Amino acid sequence: MPCSLPALVAALAEPERVWPCRSTARLLLEAPLVPAYHVPAHGRRAQRVARLADAVALLAERLHRLPTAYRHWQHFDPGAYFDLRPVQVRAMVRSECLGATLDVTVYADLLSPAFRMAERFWAERFCPAYHAGRSPRDSAFAEHLTRQVLPAMERRLEQAREEIAAAGELLFERGDVPFLLAAAAMDERERQLPSLPSGDEDLLHLFRRIPSLTLARSFDLLASEMPLAGR
């Protein structure tokens, strides 16, 4: 269940290791997103990118203010804090408390309609076609994969890359401080590196340029007076 563009690219690079394929985007949309996180899938590109940047900026701002808000929760509820439904928290948010450190990651690529479309196509079309195409008994499956499914997957992946990259560039141009503090594209790529095929230097070079809107922060519960009981 890829939660980010780097994770999706890694899954495509080693499709044999993923089966069955389940869609994180489908899980996310089992409940409607609140209007602040809704990004239109159609319309003028500049407006869609701006809406995506605004939604990610809101998540980054809430992540930035978490130390102040956290102390007021007896048991922290990320859904209520980030304004996400339970299924959306499962899809988008990872939090882990290690001793006196709280690590929070928000997979904001999932707010990109182009990424969700690519991720669902991977789970619902590419994966079944790939595994069917590996069967030596019927070359028609392999031909379907090569001629139809793979080009369509590549188009959707490029659309996701363009949308995510444009939103990230806009946030950098704005000088959005909470986003700049939480931007974790490099960390997410590093986390996915073990999933790539070994020895392919060209793939590794391309992979290190994959954009992501993933956000992550680590908080010292003691230094910020965040209650350990709230974990």
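Values quoted throughout were computed directly from the atomic coordinates according to the rules given, and no laboratory measurement underlies them. On a predicted model such as this, the values are computed, not experimentally measured, just so you know. So basically every Cβ, Gly included, is an ideal-geometry build from the backbone, and we count neighbours across all protein chains shown.
Some observations on this one:
- Counting every other Cβ atom within 10 Å of each residue's Cβ, Cys3, Cys97, Cys127 order from fewest to most as Cys97, Cys127, Cys3.
- Cβ crowding within 10 Å ranks Thr24, Thr101 as Thr101, Thr24, fewest other Cβ atoms first.
- Placing unit charges on each Cβ (+1 for Lys and Arg, -1 for Asp and Glu) gives the chain a dipole about its Cα centre, and among Leu181, Phe82, Thr105 the Cα reaching farthest toward its positive end belongs to Phe82.
- Peptides 82-92, 25-35, 158-168 ordered by packing proxy, namely the average of other Cβ atoms within 10 Å per residue, highest first: 158-168, 82-92, 25-35.
- Gyration tensor (alpha-carbon) shape descriptor, region 1-127, a/c threshold 1.5: oblate
- As a proxy for reagent exposure, ranking Arg17, Arg22 by other Cβ atoms within 10 Å from fewest up yields Arg17, Arg22.
- Distance between the 7 Å Cα→Cβ label points at Arg26 and Glu96: 2.7 nm.
- Scalar couplings 3J(HN,Hα) for region 21-30, obtained by applying the Karplus form with A = 6.51, B = -1.76, C = 1.60 to θ = phi - 60°, are 9, 10, 8, 5, 4, 5, 4, 4, 8, 5 Hz; x denotes Gly and Pro.
- In this structure, the amide hydrogen of Leu221, modeled 1.01 Å from its nitrogen in the peptide plane, lies closer than 5 angstrom to those of Thr101, Leu102, counting only residues at least 5 positions away or on a different chain.
- FRET efficiency for Ala50 and Leu180, using Cβ-Cβ distance with R0 set to 22 Å, rounded to 0.05: 0.80
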